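Notes follow the structure.
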Amino acid sequence: MRKCDLCGLNEAVYTDLSSGISICADCLMKSVRRRAWRVLREELIPGDRVMVAHSGGKDSSLALLLTKEFADSHPEMKLSLLSVTVDEGTFYRRASVELAKRLASELGVRHRTYAMEEIHGLSIEELDFKLPANWKRSPCTYCGVLRRQALNAIAREIGATVVVTGHNLDDLVQTAAMNLSRGDINALVKTLRHERKIGEGLIPRIRPLKMVYEREVATLVVAKGIPAHLGKCPFTQGMRIGIRREIDDLEDEIPGSKVKALQTFSLISNGLHADVQLRRCRICGEPTTTEVCKACQFKRELSSLLNRDLVHPLNLERVRRDRDVVWG
Ligand SMILES: [Zn+2]
Ligand SMILES: [Zn+2]
């Protein structure tokens, strides 16, 4: 058994490859907490109603736990917390919804689940069954757009002032690299900069794990026995897989390069001017930069395939009813 290089007490569970230092779960937790709390301290404001987008996966579960700890140890901030799961309706999600409920209840945080089917009128499982093999898009592509829109709409209608997500360092470097390779400056700025005023109907996002490696998250969740789903979504497809591999290879060759890349991307994006003209989608009324939002474009495309009209505003009735009760 190798002892922790920092405290010398416990068994080491994680090796930082750029420094060569091996540390125990307690010391890793301290280090991750320090990085996450720095983000929360800089980006939360007193009185915030914080909705944690809590899928039940490892990242958002750790994000919820650290945000709850932060709220508890900063009573002067008067933060309210709510955990929300969007159930996309896949076999993969079913297990993680249960884990999300369990963690929220262990932490004493209110939790709500809203189904993609209820909000958008279709589930990703249905798409997985019904999309023809040669269809131009994968369920993953639809899921990403529909889930993001649902989470923002839920946050807005439930009265959250900010959304916390579990995106880690690896996710953000991948997304930034994808934005860069598409030449999408607006998306790059949106990914990396926290802005309070981003436009009517859009709720600002905070990513407390943005300087935390995915490997650190996975190690902590296992070592600390945090109730969370460890698997990767089986529907993940497309450009991200290739980019992830390239970035992981680079990190193997030059440990620390993910941190350097994210810092550099952030510096670049701070100097950029994002030109985002937000308006409301002509069909669903959700914020968008185009006349008809991407989700409605997708739903239009799926309506004929699924033989029913999916093109309508989101069903947020239950969310609105919850608005007055969840913040306690
Ligand atoms: Zn230690
Ligand atoms: Zn729309």
Rounded to the nearest percent, how much of the accessible area of the chain (1.4 Å probe, protein heavy atoms only) is carbon and sulfur? 51 percent
Can you flag which of LYS78/LYS224; LYS30/LYS197; LYS197/LYS294 are past 24 Å Cα-Cα? LYS78/LYS224; LYS30/LYS197
Distant-in-sequence amide H partners of ARG112 (H built 1.01 Å from N, under 5 Å): SER83, VAL84, THR85
Setting aside same-chain residues fewer than 8 positions from LYS260, which lysines have a Cα under 21 Å from its Cα? LYS190, LYS210
Could you list the trypsin sites (Lys or Arg not before Pro) in segment 1-98 that lie in coil according to DSSP, counting only those with at most 11 other Cβ atoms within 10 Å of their Cβ? ARG2, LYS78
Could you compute the net charge surrounding VAL164? Neighbours are other residues with a C-beta less than 12 Å from the C-beta of VAL164; K and R count +1, D and E count -1. +2
Only four residue types carry charge here, +1 at the Cβ of Lys and Arg and -1 at the Cβ of Asp and Glu. Report the dipole size of segment 212-319 about the Cα centre in Debye, rounded to the nearest 20. 460 debye
Rolling a 1.4 Å sphere over the protein heavy atoms, what is the accessible area per residue of segment 148-187, to the nearest Å²? 29 Å²
Going by amide H atoms built from the backbone, whose H comes under 5 Å of the H on VAL326, apart from near neighbours? none
Given unit charges at Cβ for Lys, Arg (+) and Asp, Glu (-), the dipole magnitude of the chain about its Cα centre in debye, nearest 20, is 540 debye
For segment 12-70, report the accessible area per residue in Å² (1.4 Å probe, heavy atoms, rounded to an integer). 37 Å²
Let a ≥ b ≥ c be the square roots of the eigenvalues of the Cα gyration tensor of segment 55-96; is it rounded (a/c under 1.5), or, if not, prolate (a/b larger than b/c) or oblate? prolate
Extension reserve of the LYS3-ARG323 stretch, reckoned as 0.36 nm per residue once the Cα distance is removed: 110.3 nm
Taking only Cα atoms and a 10 Å spring cutoff, compute GNM fluctuations for the chain and point out the largest among THR289, THR67, THR165. THR289
What's the center-to-center distance, using Cα atoms, between segment 269-321 and segment 137-153 in Å? 10 Å
Would you calculate, for the chain, the mean residue ellipticity at 222 nm contributed by helices, counting each DSSP H stretch of 4 or more residues as -39,500 (n - 2.57) and dividing by all residues, to the nearest 500? -15500 deg cm²/dmol
Which of ALA155, ALA228, ALA71 fluctuates most in a GNM of the chain (C-alpha springs under 10 Å)? That residue is ALA71
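The values are calculated or read from the model by the stated rules, or taken from the named source; none is laboratory data. Model, not experiment: these values are computed from the prediction. Neighbour counts are summed over all protein chains in view; Cβ atoms, including those assigned to glycine, are modelled from backbone coordinates with ideal geometry. Areas reflect the complete protein model, heavy atoms only, side chains present, ligands, DNA and RNA absent. Shrake-Rupley method; radii C 1.70, N 1.55, O 1.52, S 1.80 Å.
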